[in-house]
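The values are calculated or read from the model by the stated rules, or taken from the named source; none is laboratory data. Quick caveat, the model's predicted, so the values are computed rather than measured. A quick note on method: Cβ atoms are made from the backbone with ideal geometry, for glycine too, and the neighbour counts reach across all protein chains shown. Side chains are part of the model used for accessible areas, which takes the heavy atoms of the whole protein and leaves out ligands, DNA and RNA. Shrake-Rupley method; radii C 1.70, N 1.55, O 1.52, S 1.80 Å.
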Amino acid sequence: MNKTCIIICGPTAVGKTSVAISLAKYFSTRIISADSRQCFNELNIGVAKPSAQQLSEVHHFFINSHSIHDSISAADFETYALSSIENIFKKNDTAVMVGGTGLYIKAFCEGMDEIPVIEQSIRNKIIANYKNNGIDWLRGQVKEHDKKYFDKGETGNPQRMMRALEVKLSTGESITSFQTLSKKQREFNIIKIGLELPRPELYQHINDRVDMMINIGLLKEVESLLEFQQLNALQTVGYKELFDLLNGKQSLGKAIELIKQNTRNYAKRQMTWFRKDPTIKWMKPDLNKLLEYLKGCNVGM
């Protein structure tokens, strides 16, 4: 088994995109994005999508591949990514995956259990209620309807809680009943590289990037999506705060500060997720050191 997928993961704004593109160029290969928002064609600035120039230099799978009106799960990503890597391996023994959506990376590496299709009306109602009533309401609903999931303690992530609630209300079964501990074996090597920076430096990157997004037109992008603000794809940092601005709930200055704060909090959650994976090799975003490490792993030999 000499085919290898190099996975570049880590928190937002750490520098994953540029490292992955340089890596893909080095191996003359293509990239699979593992980002749950960059796949949406309508979202650009607020999801820090690679530039048009970068996308022209290296082909990316799962970027601009879907619409915000599509419903995409980790299981859907697993199917898409496995098909994409099969495509890459037809011409190259090395593939690159990059992203910060831990559940998508886990699904690709280990597989996901199949969960029944959910009625869109149920999903929309849960999203609207969460938007109006907040996370405490959501926690209460999950505790009432899916005690098994609630008792697992995964009550800090609203997306997962909404997923658990919609599965219970649609099927009558706890989402835990669809989850198993068996891991699928992939017919290729997987090397996971986690990129990290000192916290003050990472937070400065985040703050600077938010300012840049505002300067290049994020507010205009969000304004063009206002009529779709209830869609699940738009329950995203950078969009939610500006929707509140456009709905007269807060000032521009406050919205920008909240985007920075919520992005920093998101980066913390990403690191908490990835730190639990002992198979990740951590390093600074340094291409030369990364290539040296990969050489030691006999990648591309």
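Pull out a ≥ b ≥ c, the square roots of the eigenvalues of the alpha-carbon gyration tensor of segment 96-210, then state rounded if a/c is under 1.5, prolate if not and a/b is larger than b/c, and oblate in the remaining case.
Working: a/c = 2.30, a/b = 1.27, b/c = 1.81.
Note, shape of segment 96-210 comes out oblate.
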TODO: Indicate the gyration tensor shape class of the chain (rounded, prolate or oblate), computed on the Cα atoms with a ≥ b ≥ c the square roots of the eigenvalues: a/c under 1.5 is rounded; otherwise a/b larger than b/c is prolate and the rest oblate.
DONE: oblate
Open item on the list: Give the aspartates and glutamates whose C-alpha is closer than 17 Å to that of LYS276, dropping any in the same chain fewer than 8 places away, or say none.
Closed with: GLU110, GLU154, GLU196
Open item on the list: Run the numbers for GLU227 and GLU292: contour at 0.36 nm per residue of separation, minus the present Cα-Cα distance, in nm.
Closed with: 18.5 nm
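Determine the calculated [θ] at 222 nm for the chain from helices alone, applying -39500 (n - 2.57) to every DSSP H run no shorter than 4 residues and normalising by the residue count; nearest 500 deg cm²/dmol.
Values: 12 runs with 150 residues, N = 301.
Roughly -15500 deg cm²/dmol at 222 nm, from the helical runs in the chain.
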Open item on the list: Skipping prolines and chain starts, which residues have an amide H placed within reach, meaning under 5 Å, of the one on ILE68, given they are 5 or more residues away or on another chain?
Closed with: ASN41, GLU42
Open item on the list: Which residue fluctuates most in the GNM of the chain (Cα springs below 10 Å): ASN157, ASN124, ASN44?
Closed with: ASN157
TODO: Might you tell me the accessible area per residue for segment 144-301, computed with a 1.4 Å probe and given in Å²?
DONE: 57
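Taking only Cα atoms of segment 12-129, what ratio of Rg to Rh do you get with Rh as the Kirkwood inverse-distance radius? Walk me through the intermediate numbers first.
On the way: Rg = 15.1 Å, Rh = 15.2 Å.
Computed over Cα atoms, the ratio is 0.99.
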Task: the chain: relative contact order as a whole-number percent, Cα under 8 Å and 6+ apart - done: 28
Open item on the list: Suppose all protein chains stay in the model; what accessible area per residue would a 1.4 Å probe give for segment 59-122, in Å²?
Closed with: 45
Open item on the list: Within the chain, what whole-number % of the accessible surface is contributed by carbon and sulfur, with the 1.4 Å probe and all protein chains included in the calculation?
Closed with: 48
Task: DSSP beta bridge pairing in the chain, given as percent antiparallel to the nearest 5 - done: 0
Open item on the list: Amide H of VAL96 versus every other amide H placed in the peptide plane: which residues, excluding those fewer than 5 positions away on the same chain, fall under 5 Å?
Closed with: ILE6, ARG30, ILE32
TODO: Could you order ILE85, ILE256 by accessible surface area, starting with the largest, using a probe radius of 1.4 Å?
DONE: ILE256, ILE85
Task: Positive minus negative residues near TYR203 (Lys, Arg vs Asp, Glu; Cβ under 12 Å) - done: +3
- [ ] Compute, for CYS297, the solvent-accessible surface of its heavy atoms (probe 1.4 Å) with the complete set of protein chains present, and express it in square angstrom to the nearest 10.
- [x] 50
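Measure up LYS3/LYS284; LYS183/LYS284; LYS25/LYS90; LYS3/LYS25; LYS3/LYS295 against 23 Å on the Cα-Cα distance and list the ones that go over. Show your work: numbers first, answer last.
Working: LYS3/LYS284 25 Å; LYS183/LYS284 29 Å; LYS25/LYS90 17 Å; LYS3/LYS25 17 Å; LYS3/LYS295 14 Å.
Correct reply: LYS3/LYS284; LYS183/LYS284.
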TODO: At q = 0.14, 0.17, 0.30 Å⁻¹, work out log10 I(q)/I(0) for segment 245-301 with the Debye formula, treating every Cα as an identical point scatterer and leaving solvent out; two decimals please.
DONE: -0.64, -0.74, -1.10
